[in-house]
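Here's the structure, in structure tokens; my notes come after.
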Amino acid sequence: MSAPRMQVSRVPSKPVRREEDGMLAIDLWLRRDGAFESDLALRLTPAEAEVLHAQLCYALEDATASVITPVSKLPDCRKSAVGSQGVHWP
């Protein structure tokens, strides 16, 4: 018997939110073998969220960002990443 296939994804209709205790929460769905299993929240301290933010900017460092989002609308952390790949903006 094989282990169940677990998948975690963001709840698309729910934004990241700051909770009363200052933690940031990201609502997630957990599925097992393709069937809904449970809702859960990833809770991060502001410091953990900053590290995740920096790591995501680094991981997304490629020229495709300007195809998905106009460079003028990218957050500052992404502008330097896109610029470093040879894409220029006014």
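The values are calculated or read from the model by the stated rules, or taken from the named source; none is laboratory data. Nothing here was measured: the structure is a model prediction, and the numbers come from that model. Reconstructed Cβ throughout: ideal geometry from the backbone, glycine too, with neighbour counts over all protein chains shown. Note: areas computed on protein heavy atoms with side chains; ligands, DNA, RNA excluded. Shrake-Rupley method; radii C 1.70, N 1.55, O 1.52, S 1.80 Å.
Could you give the length gained on full extension between S72 and R32, defined as 0.36 nm per residue of separation minus the Cα-Cα distance, in nm? Intermediate values should be presented prior to the final figure.
Numbers: separation 40, 0.36 × 40 = 14.40 nm, distance 3.97 nm.
Gain on extension, S72 to R32, equals 10.4 nm.
On the beta carbon distance between M1 and H53, with R0 = 41 Å, the FRET formula returns roughly 0.55. In square angstrom, rounded to the nearest 10, how much accessible surface does V8 have for a 1.4 Å probe? Spelled out: V8, probe radius 1.4 Å, area about 90 Å².
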